[in-house]
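One structure below.
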Amino acid sequence: MKVLEAAFVKGFIRMATDGWEQGWHERNGGNLSYRIKAEEIGSVQEELSCKEWQPIGTTVPDLAGEYFLVTGSGKYMRNVEIKPEDSICIVELDDKGERYRTCWGLVNGGRPTSELPSHLMNHEVKKKVTNGRYRVIYHAHTTNTIALTFVLPLEDEAFTRELWEMATECPVVFPDGIGIVPWMVPGGRDIAVATSELMKKYDVAIWAHHGMFCAGEDFDMTFGLMHTVEKSAEILVKVLSMTPNKRQTIQPDDFRNLAVDFKVTLPERFLYEKH
Ligand code: 2HA
Ligand code: ZN
């Protein structure tokens, strides 16, 4: 099968377009990666031709030998649908998880996303803690979430609780909460380590004054998660634009009751009393 005919590639391209249409991907902002299943890579083997090995910039031994579909560095999310073979690529990792090589795509040259270390370290953590279930890592420049990083304390508890309060579905969609990475230089190993540390317990990590990372099982769940968090952030921005004080909101006991009916566990550290 041709790469562009494969269902996982079509799903990847649709998600890139959806993110662009949300306004989350100005210029070359944001990046997407998918950990390809063995049978999926087998189905497109005929079209793969691998270039020379390159250093990843970090080490991901638990991903040795795996293949990923990723967006290209400097490529625009808005172009993924119209010129996928120029905008995205399939990479293979070596047997130590130290190097990658491009096996399809980026026909006009280039490298995988500048955030490859963060993507791969997040994949490595998620593969482990979900027993291989999670396959998608998504980074976007979500406007309202970024805006909140200028006014809320940069603490997991504050972001989780404030975003849970903005829509009843939120604690059900991200019951484990949200982690916050303080401002750091993007693209390198340090921010990758900080983010992947948070991914051990959360599916969402916010990079202060930059954007968001989400992890999930498939394209629908990962896009839906980012969309839900960002929608909630949009509501909070609107509320804070009207008044610094909410007149009424969802209370800690309301969340506890919701948790029972929806069969989710909501950590008590997010249900603190406010004064
Ligand atoms: O340009 O979003 O974080 C891609 C990015 C870097
Ligand atoms: Zn970014």
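Structure data summary
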item: Count - residues of segment 118-149 that are crowded, with 24+ Cβ neighbours inside 10 Å and out of contact with any strand residue (DSSP E or B) (no Cβ under 9 Å at 6 or more places or on another chain); result: 1
item: Strands (runs of 3 or more DSSP E) within segment 1-104 that include 1 or more residues without any contact (Cβ under 8 Å) to a residue 24 or more places away in the chain; result: 88-93
item: Filter pass, THR145 being assigned to a helix (DSSP H, G or I), within 19 Å of the chain's Cα centre (by Cα) and within 16 Å of ligand 2 (Cβ to nearest atom); result: yes
item: Any hit, segment 108-123, residues being more than 16 Å from ligand 2 (Cβ to nearest atom), under 18 Å from MET77 (Cα atoms) and touching a Ser or Thr at 6+ places or on another chain (Cβ under 8 Å); result: yes
item: Selected residue [in contact with a strand residue (DSSP E or B) (Cβ under 7 Å, 6 or more places away or on another chain) and either part of a helix (DSSP H, G or I) or more than 16 Å from ligand 2 (Cβ to nearest atom) (or both)] from LEU225, LEU152; result: LEU225
item: Sole residue being under 14 Å from VAL3 (Cα atoms) and within 16 Å of ligand 1 (Cβ to nearest atom), chosen from ILE41, ILE88, ILE36; result: ILE88
item: ASP203, sole failed condition from (1) surrounded by fewer than 23 Cβ atoms within 10 Å (Cβ to Cβ); (2) charged (D, E, K, R); (3) under 12 Å from the mean Cα position of the chain (by Cα); result: (1)
item: TRP24 surrounded by fewer than 22 Cβ atoms within 10 Å (Cβ to Cβ), within 17 Å of the chain's Cα centre (by Cα) and within 16 Å of ligand 2 (Cβ to nearest atom); result: no
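Coordinate-derived values only; no laboratory data. Values in this document were obtained by computation on a predicted structure and should not be read as measured data. Reconstructed Cβ throughout: ideal geometry from the backbone, glycine too, with neighbour counts over all protein chains shown.
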